[in-house]
Amino acid sequence: MNYIVLDLEWNQSNTGEEPEVEKIPFEIIEIGAIKLNNERNITGEFSQLVKPQVYHEMHGITQGLVHMQMKELEKGRPFPEVAQEFLEWCGEEDYIFCTWGPLDLIELQRNLRFYNMPVLAEKPFAYYDVQKLFSLAFEDKKSRRTLEHAVDTLSIEKDIPFHRAFSDAYYTARVLQLIRDPEILAHYSYDVFHLPNKREEEVRVLFDDYAKYISRGFSDKAALLNDREVMSTKCYYCHRNLKRKVKWFTPNGKHYYAVSYCDNHGFMKAKVRVRKGENGDYYAIKTSKFISEEEAVKIKNKKNDRRHI
């Protein structure tokens, strides 16, 4: 399997008045990528400018960050040509996308959709969020640092400038090369630009110390919260429904919590995050994790004066 380490630069509207803003809020202006083989050695490079078709003025933030002039982009080619060349460059051998954070894959797919190009996948797919992996491997597992911070922490030589698509893809690849722990590399992220179409396509994955579930889409939030599978609390080891010690409650209408008890494994916290997909449907990301009795008591105390479902 190959690793396609991807980075994008994009521009946006200066006024927010263009009719295309809702369809393509960020127009890709540069694609950079590094290809790693199964041993994570560099075997290929990709770097192309994209000629703007939607936003013809450089946003001040973009220009200050990437130090690029609009006249430089006029040397590029239209997005459909560059994107098709990039996807062909990725090759026919199995590969996994690797990015610094989740945004690049979202914007790539929005731009593909804008130009009526084939989708990357019709349902969620696994990828490596190297920003998250860096935190799991070298820091506190929760913080999300800048790419330059990771490069400095790992004493990677800074031999090309940051904030261009190719250079950031290169540095992301260098960070990934230094993450060797198989348990860390088992922590895939999932792109949900296209939600599961049916229950059989829903994502269920077990990591070393927690389980994750990504639901299909629902037309309204009430239907989502009334779905038995979404709001179930099953032991991810025993696969049995558990009796809830703390019934579902929400502090903000977006995150829902419950605590159940397994006779074999103890207290289990479940958290449901309600999100809205690109197509307007609601979906849930549910994580389940076994916790101590003390942590269970803290959650029970938080339930006071909270809204129930």
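The values are calculated or read from the model by the stated rules, or taken from the named source; none is laboratory data. On a predicted model such as this, the values are computed, not experimentally measured, just so you know. Counting neighbours? That spans all protein chains shown, and the Cβs are built from the backbone with ideal geometry, glycine included.
Taking the conditions exactly as written (buried (at least 18 other Cβ atoms within 10 Å of the Cβ) and over 22 Å from ASN2 (Cβ atoms)), does ASN111 satisfy them or not? Answer is yes for this residue. Within the stretch 26-42, residues that are free of Cβ contacts under 8 Å to residues at least 60 places away in the same chain have Cβ atoms under 6 Å from residues that are assigned to a loop (DSSP other than H, G, I, E, B) in these pairs: ASN38/MET1, counting only partners at least 6 apart in sequence or on another chain. Output the residues belonging to the stretch 122-144 that are surrounded by 14 or more Cβ atoms within 10 Å (Cβ to Cβ) and over 16 Å from TYR170 (Cβ atoms). Selection gives LYS123, PRO124, PHE125, TYR127, ASP129, LYS132, LEU133, SER135, LEU136, ALA137, PHE138, GLU139. Would a scan of the stretch 182-191 turn up a residue that is part of a strand (DSSP E or B), modelled with pLDDT of 95 or more and more than 22 Å from LEU147 (Cβ to Cβ)? Checked the stretch 182-191: no residue is part of a strand (DSSP E or B), modelled with pLDDT of 95 or more and more than 22 Å from LEU147 (Cβ to Cβ). Restricting ARG204, ARG174, ARG244, ARG228 to those that are in the same structural domain as LYS141 (by TED's automatic domain parsing) and of a type in the set (Lys, Arg) reduces the list to ARG174. What's the number of the condition ASP7 fails, among (1) assigned to a strand (DSSP E or B); (2) without any contact (Cβ under 8 Å) to a residue 12 or more places away in the chain; (3) not aromatic (Phe, Trp, Tyr)? Of everything listed in (1) assigned to a strand (DSSP E or B); (2) without any contact (Cβ under 8 Å) to a residue 12 or more places away in the chain; (3) not aromatic (Phe, Trp, Tyr), ASP7 misses just condition (2).
Tell me the residue from LEU49, LEU65 that is modelled with pLDDT under 85, under 20 Å from ASP104 (Cβ atoms) and not polar (S, T, N, Q), please. Before you say what the answer is, go through the steps one by one.
Numbers: LEU49 fails: modelled with pLDDT under 85.
So the residue among LEU49, LEU65 that is modelled with pLDDT under 85, under 20 Å from ASP104 (Cβ atoms) and not polar (S, T, N, Q) is LEU65.
Inside the stretch 258-287, residues that are over 21 Å from the mean Cα position of the chain (by Cα) and loosely packed, with under 15 Cβ neighbours inside 10 Å make up a count of 4. Can we say LEU147 is over 22 Å from ILE285 (Cα atoms), in contact with a Ser or Thr (Cβ under 7 Å, 6 or more places away or on another chain) and surrounded by 20 or more Cβ atoms within 10 Å (Cβ to Cβ)? Yes. Check the stretch 245-253 and report whether any residue there is within 22 Å of LEU103 (Cα to Cα) and either touching a residue at least 12 places away in the same chain (Cβ under 8 Å) or not in a strand (DSSP E or B) (or both). For the stretch 245-253, residues within 22 Å of LEU103 (Cα to Cα) and either touching a residue at least 12 places away in the same chain (Cβ under 8 Å) or not in a strand (DSSP E or B) (or both): absent. Taking the criterion of being aromatic (Phe, Trp, Tyr) and either more than 29 Å from GLU294 (Cβ to Cβ) or at pLDDT below 95 (or both), the only residue of the stretch 211-247 that qualifies is PHE218. Selection within the stretch 192-235: residues that are part of a loop (DSSP other than H, G, I, E, B) and of a type in the set (Val, Ile, Thr). The member of this set that is nearest to ARG110 (Cα to Cα) is VAL192.
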